[in-house]
1. Less than 11 Å Cβ to Cβ from TYR250, Lys/Arg counted +1 and Asp/Glu -1: what total charge do the surrounding residues give?
2. Order 388-395, 171-178, 73-80, 439-446 from most to least packed using the mean count of other Cβ atoms within 10 Å.
3. Using only protein heavy atoms and a 1.4 Å probe, report how much of SER232 is accessible, in Å² to the nearest 10.
4. Quick one: grab Rg to one decimal and Dmax as a whole number for the range 424-475, Cα atoms only, in Å.
5. In the structure displayed, which of LYS180/LYS244; LYS180/LYS257; LYS446/LYS468 lie more than 22 Å apart, Cα to Cα?
6. Let's test this: bin the Cα-Cα distances of the range 223-264 at 10 Å from zero up to the farthest pair and state each bin's percent.
7. Might you report the magnitude of the Cβ-based charge dipole of the range 202-244 about its Cα centre, with Lys and Arg at +1 and Asp and Glu at -1, to the nearest 20 debye?
8. If you take the square roots of the eigenvalues of the alpha-carbon gyration tensor of the range 363-449 and sort them as a ≥ b ≥ c, do you get rounded (a/c under 1.5), prolate (a/b over b/c) or oblate?
Amino acid sequence: MMMMQDVWTQLGPTIATIMFAWTMYQNYFPHELRGHIRRYTDKLVTYFYPYMHIIFHEYETDGWFERSKAYVAIERYLSKNSSTQAKRLKANVVKDGQSLVLTMDDHEEVTDEYKGEKVWWISSQQIANRQTISWYPREDEKRYFKLKFHRKNRELITASYLKYVLDEGKAISVRERQRKLYTNNKGDGGYGYRRRMWSQVVFEHPSTFDTLAMEPNKKQEIMDDLQTFSKSKAYYAKIGKAWKRGYLLYGPPGTGKSSMIAAMANFLQYDVYDLELTAVKDNTELRKLLIDTTSKSIIVIEDIDCSLDLTGQREKKKDDKEEEVKDEKDAVKEKMKNREEKKQSEVTLSGLLNFIDGLWSAIGGERLIVFTTNFVEKLDPALIRRGRMDKHIVLSYCCFDSFKVLANNYLDVESHDHFPEIRRLLGETNITPADVAENLMPKSSKENANTCLERLIKALETAKEEAKLKAEEEEREKAEKEKEEKNKEAAAEEANNTDTVNENGKSESNIVKENPEGNVAKENGKSENNGVKENDDISKG
Ligand SMILES: Nc1ncnc2c1ncn2[C@@H]1O[C@H](COP(=O)(O)OP(=O)(O)OP(=O)(O)O)[C@@H](O)[C@H]1O
Ligand SMILES: [Mg+2]
């Protein structure tokens, strides 16, 4: 006990002397001189100290409000090691409160191993020595990760380990993130940094390729295509193409276009940006929206044909095809009417083409652009040519294969006595998967597979009957129209004939009028007369 007291008695003045010397050094040594001394001590330390450090700041100097992507990726990467090694942990909520990510707290250290070499990660924070109060807490606390490794591993760490950490971290973020459904705000969504181009909600659509009713081969082809795309980063780079792909989904209403987009997003684990073109002010805003999207996303423009008056050409086509698509048009009449009211946007076709494959479209990569339409024939060919819309997928009326998927989904039935009849009826009439699904869905606890299938058979028979009546009606209308046309032609011909007769009469009467004295011969022989006159003149001359 006495010995300890002795030590303290001796240590006290020594500490006091060191403190005094440090204060003198700080107060009276010129700044430049201190800089020199620091440099030499650093060199000395480096000479004997075998390790190197790399610092990763949480906020980059030019990024005011966004955390550095590298910092976030490292944080995610280290979460696995942190939860087992660090003594103090921070819990961050992800997936909108559904799960937690544990990261190491400030001034904690964890180790990692790469190709047999050990590295250290230290989480630190610098507290700024400021006299003023900042509105932004992060200005005072600057967090960073410090990576420590042996000098001999410099090449390994900088060339390969860091890339590995960032890729892994990003992959973990993608796996753990809650996917979002974004929609664009109208131009008044705030100012400056507060201005958000997109509003977001959690994407929770349950549609998958399993629940999607379509021919199995076609479905597999689409899934393969998507899978190949998502793994082709290097290939796209090699062929010099931006890493994006366009899909055009077309077909009558209720055939599963929107359901397929949701299935695509769920299959690839992508976010969805639902772009409402009519709310975009002009081409500049369209470009800003594009820049504000992230990779691993699907940008969707639904009902592209009624979104904007993209070309005069399209309007003309609309008139031509009007009759042909009359019935389908009824179904989307309301949709178009609503859009019609909103046609104040100045987005042009060329703006949209640039959006799809201009220079800006390559930013970020790994993006799908999907257009849907009920009337593919109305779209400008430039908009849907390959390279812009690479894959054209038609979604059509329900076939027997599609029905089987729906029966399995809705009723857990793989085969049934009613199937052959349904197969026959599906071959004879057009019904959308949406209508089939509605008929298959039990409406009360008393309904079973049999009642639902019977309801579908009735609906199919009704649809068939209606189609027959409609065809007859159309036939009648066509015949009437033809008759009307013929009558019109006949009337026109008759009118023409009458005109010709009148025309002749008119010329006669004109002659009579021009020659009130009734000197027809004189008129007919005008040249003669003239000649005579000329001759007269000559004779005169
Ligand atoms: N191919 C399909 N597979 C499974 N369900 C489908 C399919 N088609 C339609 N449905 C059902 O019908 C409903 C409407 O389908 P969806 O919204 O995908 O049609 P759409 O083609 O996008 O129609 P619109 O052209 O009017 O936008 C869906 O909620 C779904 O339940
Ligand atoms: Mg739709």
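The values are calculated or read from the model by the stated rules, or taken from the named source; none is laboratory data. Since the structure is predicted, the reported quantities are computational estimates derived from the model, not experimental observations. Cβ sites come from the backbone with ideal geometry, for glycine too, and all protein chains shown count toward neighbours. Only protein heavy atoms, including side chains, enter the accessible area calculation; ligands, DNA and RNA are left aside. Shrake-Rupley method; radii C 1.70, N 1.55, O 1.52, S 1.80 Å.
1. -1
2. Going by the mean number of other Cβ atoms within 10 Å, highest first, we get 73-80, 388-395, 171-178, 439-446.
3. Roughly 20 Å² of SER232 is accessible to a 1.4 Å probe.
4. 12.7, 44
5. Over 22 Å Cα-Cα: LYS446/LYS468.
6. 24, 43, 24, 9
7. Here the size comes out at about 420 debye.
8. prolate
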